[in-house]
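K.L.:
Just passing along the structure, written as structure tokens.
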Amino acid sequence: MTGSLLMLLAACAPSGFSEPDRADTGTGPGALTLRWVPVAGEPWEQALQGLWWSLAGLGASPEPGAVEVLARDGRTVTYTLDPEALGLRERSLRALLAAVEPLEAARQRQGMAWIDTGRLLQRTLYEPWVYYAVTGACETLEGPSARLGATAAVAGITDSLLTDGDRRILFRKDIRRIEDIMWLAEGGEGSILEGDFEPRGVETVDVMPNGRFRYAIYDEDGLLAPVADAEHTPAGQPGRCMWCHENHLMTGIAQVDVPGLTPHGEFLEAVDAQQARVEALRSSLSGPIDWQTHAVHAWSEVLVEGFLSPPTARLADEWGLPASTVEAWMSEAGIVSERNEEYPDWGPVWRRSDADAVLQQRRPDVDASSPLAGTDGAPLAVLPSARTLDDPGEAFFLPPAPHACAGTGAPASRFE
């Protein structure tokens with residue numbers, strides 16, 4: 001991890017919200033030159049909404065002018081993205097610039113014209129340590145616990161949609177401000193009903209100033225972790241939390257009331273009341289983010305899933321080559337196509353790691369004036385899916401040394 005990103009993870013976001021400080025960092029790249037390549041004929045306007053939604057997941061409140069289209073070439077679009085126009089606080093902007101610096105450096109070093117949109121999102125929104133640094137997650141559970149308070153309500157989940165084991169949810173009923181929303185979900189061993197439940201990890205959810213939820217995962221020692229302990233919960237990395245809870249704070253089915261804990265009916269009332277506050281906040285915000293169209297969530301997924309599992313046509317457009325050449329290159333490398341389980345209509349797809357390896361192998365034979373000179377060959381530790389991180393070692397950035405969490409005071413709220 002770069003030194004700047006290490007420093008940015010030393011403290012979490014404050015418990016209250018203030019107007020973000022627009023940063024004049026004087027470092028890092030200016031506007032990024034990016035390229036979007038469709039997967040299955042989707043229009044650019046749809047992809048742009050997916051991009052806005054993805055950036056909002058990092059805490060951005062983008063200005064419409066943050067994106068400027070430079071060229072439309074057949075089914076592809078080349079555009080610029082101005083990080084300074086994303087409405088991020090200074091600390092968050094610096095973290096984002098630190099994360100994209102390797103991509104921009106590789107682009108310039110290799111004489112490439114653009115960075116693939118999917119690669120940018122995979123290196124930022126779906127890299128857990130980068131996500132934590134940009135969104136301001138606390139390095140230890142001390143910060144979220146302080147925000148939750150000593151009088152938190154506790155609900156038992158004995159029939160979870162996520163895991164076979166029990167879960168315990170800690171939350172506040174006395175919500176006066178939207179920044180008071182903080183939920184802790186404990187996974188572990190034992191039975192809540194039998195009284196021998198032992199937590200082995202925690203996932204937290206709260207609300208960022210732009211109306212999106214922020215997610216964090218902590219191990220049983222209370223330290224920030226890139227991925228949940230698979231032995232006790234299949235929660236995966238924050239990207240997986242995001243894909244299930246982007247639109248709604250909490251989901252669930254009928255539970256058995258646990259003696260001594262919050263009755264399930266009261267739990268659902270608290271969820272609905274706090275979700276209503278979130279919806280009201282989102283409705284009050286201006287900007288290009290579409291909060292009403294449910295499909296925007298899926299459009300943002302396609303941006304990165306299409307990059308990670310590109311069909312032949314997508315790679316052909318990306319590389320500027322006939323589809324037959326792409327298939328021949330893959331075949332000669334002994335690579336077999338697969339199917340994307342979530343998007344089977346895409347037909348045969350390739351793993352991005354395989355595609356990158358083949359392109360790197362072929363590039364020395366390609367003249368600089370070839371269409372391949374515009375491709376993005378920066379190395380990437382590609383995951384099976386944007387929502388999956390089975391091995392913390394797969395994360396591109398290394399974790400920082402753990403610190404106590406700072407910034408748990410409550411400055412004046414922008415929502416009062």
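K.L.:
Can you list the HN-Hα couplings for segment 64-69, worked out from phi with the Karplus curve (6.51, -1.76, 1.60; θ = phi - 60°), rounded to whole Hz and with x for Gly and Pro?
P.N.:
Couplings: x, x, 5, 10, 10, 6 Hz.
K.L.:
Of Arg282, Arg168, Arg147, how do they rank once you tally other Cβ atoms within 10 Å and put the fewest first?
P.N.:
Working: Arg282 17, Arg168 20, Arg147 24.
Fewest-to-most Cβ neighbours within 10 Å comes out as Arg282, Arg168, Arg147.
K.L.:
For the pair Val256 and Glu194, how long in nm is the line joining their label points, each one 7 Å along Cα→Cβ?
P.N.:
1.1 nm
K.L.:
May I ask you to list the residues of segment 193-211 whose amide nitrogen lies under 11 Å from a point 7 Å from Cα along the Cα→beta-carbon direction of Leu223?
P.N.:
none
K.L.:
Still on this structure: Any idea how far the Cα center of segment 130-145 sits from the one of segment 199-227, in Å?
P.N.:
Centre-to-centre (Cα) distance: 7 Å.
K.L.:
Counting other beta carbons within 10 Å of each Cβ, put Ser331, Ser61, Ser309 in order, fewest first.
P.N.:
On the way: Ser331 11, Ser61 22, Ser309 26.
Starting with the residue having the fewest Cβ neighbours, the order is Ser331, Ser61, Ser309.
K.L.:
Would you kindly state how much longer the chain becomes between Ile335 and Ala113 on full extension, computed as 0.36 nm times their sequence separation minus their alpha carbon distance, in nm to one decimal? Intermediate results must be reported in sequence, preceding the final value.
P.N.:
Details: separation 222, 0.36 × 222 = 79.92 nm, distance 2.75 nm.
Taking Ile335 through Ala113 to full extension adds about 77.2 nm, to one decimal.
K.L.:
So what are segment 141-215's ellipsoid semi-axes, whole angstrom, largest first, if each one is the square root of 5 times an eigenvalue of the alpha-carbon gyration tensor? Write out the running numbers ahead of the final one.
P.N.:
Working: eigenvalues 112, 35, 23 Å².
Sorted largest first and rounded, they come to 24, 13, 11 Å.
K.L.:
Please sort by residue number the GluC sites (Glu not before Pro) in segment 250-347 whose DSSP state is loop and whose Cβ has at most 12 other Cβ atoms within 10 Å.
P.N.:
Values: sites: Glu266, Glu269, Glu279, Glu301, Glu305, Glu318, Glu327, Glu332, Glu338, Glu341, Glu342; in loops: Glu341, Glu342.
Sparse-neighbourhood loop GluC sites (Glu not before Pro): Glu341.
K.L.:
With no solvent and one point on each alpha carbon, what is the Debye value of log10 I(q)/I(0) for segment 28-137 at q = 0.09, 0.24 Å⁻¹?
P.N.:
Log10 I(q)/I(0), no solvent term: -0.21, -1.52.
K.L.:
How long is the gain from Ser286 to Glu45 if the chain were fully straight, where each residue apart is worth 0.36 nm and the alpha carbon distance is subtracted? If you can, show how the numbers build up before the last one.
P.N.:
Values: separation 241, 0.36 × 241 = 86.76 nm, distance 1.84 nm.
The span from Ser286 to Glu45 would gain 84.9 nm if fully extended.
Just so you know, all these numbers are worked out from the coordinates, no wet-lab data involved. Keep in mind that this is a model prediction, so the values were computed, not measured. Cβ coordinates were reconstructed from backbone atoms using ideal geometry, including for glycine residues, and neighbour counts include every protein chain displayed.
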